[in-house]
Amino acid sequence: MNDLLIRALRREPTERTPVWFMRQAGRCLPRYRELRMEEAFLDIVADPRTAADVTSLPLEYFPVDALVLFMDLSTPFEAAGLSVEMRSGVGPVVGAPWSGPEDVGRLQSFDPRDRLEHVLEAIRILVARERVPVLGFVGAPFTLCSYLLRGSRVSRLTGLRALVRGRVGLWDRLAGFWVEHLAEFAIAQHEAGAAAVQVFDSWVGVLDPETYRTRVLPHTRRLLRRLAAAGVPAIHFGTGNPALLPALADAGGDALGVDWRLPIDQAWEAVGADRAVQGNLDPAAILAGEEAALAATDDVLRRVDGRPGHIFNVGHGLDPASDPAVIRAVVDRVHSFEAAGV
Ligand code: CP3
């Protein structure tokens, strides 16, 4: 069993740096695009065998050290009684009768071990046949709830920011519902065999540090504390605003996932030496071609210089136009890198 990632999460020394990529199982893989001509996204997620096969697909193109489960942040919505449509170029859209946070009372309490059994079964299939660890995931409350309000990411989530600032009771109720259910879902993923769970706060960077600390951090912290108490290793990923890094670290996580906006050594300083760090290749470096991608990869590796606790990744998801051959070259470079003095 390849346990590099788990050892890195504990900040133990590893013979080479573990590497995986956010969005590695999706649209940058020709085989995935072929499959999607025949099957809808939600149908793939609903069928444990197909979901497991898509999760493993990256291994046919590049030898990553972890597989990220094929589903979506929005997968728990249906379990709570919401109807979800996956819109191309947009993402998950929640439909009628849900009209916004005022409908929080419509959310149905659910047991993930029952309503999300298909996801847990996909994990069991993967763990039985693969030699690399499987990563589960959930959305952080802020990012998850961004899909429960109207308004696009283009407007920098003004609706959600207004809710968080102005209708505190409603926000706390909505976030509170999801913290409870996402914690249980993440724990169930770990029980099914997921080696660790990533908590995605992909859109948190629209917030200022003060609003994050007072209104959002307490919810994310409760989620991460539940995971820690249950012994679930967690990667806490946030992107978009380096000023948030110390607060994101305060919220918890064995590792902090950081983006490319700060060089990784500076980001690690902001996060603190008591955490592992995941990142932080700019996904655009992969689009820029092999030479640029390898130069940027070397820069990340040199800045880390063999320090225990580094998981190599992109700073945000791979772009669908990424060339698998360039991704492979990056993986090979990470695996062959030798830190100075090692
Ligand atoms: O390889 C992987 O990373 C595993 C699978 C995965 C998906 N979504 C599959 C998916 C993961 C980890 C996610 C998480 C997710 N979903 C996030 C956090 C990651 C991040 O990038 O910050 C977010 C914000 C979402 C919400 C979401 N789902 C968006 C914004 C989109 C893109 C919409 C588009 O078409 O541009 C999705 C759809 C989605 N999720 C796809 C995949 C493979 C594409 C759907 C398709 O195949 O048509």
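Only the coordinates and a few stated rules stand behind these numbers; no lab work does. Please read all numbers here as calculations on a predicted model, not as lab measurements. Cβ: placed from backbone, ideal geometry, glycine included. Neighbour counts: every protein chain shown.
Data for the structure
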| quantity | calculated |
| --- | --- |
| Value of [θ]222 nm, deg cm²/dmol, for the chain, DSSP H segments ≥ 4, -39500 (n - 2.57) each, nearest 500 | -13000 deg cm²/dmol |
| Pair E210, E60: separation of 7 Å Cα→Cβ label points (nm) | 5.3 |
| C-alpha center-to-center spacing [the range 65-87, the range 90-158] in angstrom | 5 |
| Proximal charge balance of F200 [Cβ under 13 Å; K/R count +1, D/E count -1] | -2 |
| Burial order of peptide ranges 257-265, 2-10 (average beta-carbon count within 10 Å, highest first) | 257-265, 2-10 |
| Relative compactness, the chain, computed as alpha-carbon Rg over 2.2 N^0.38 Å | 0.94 |
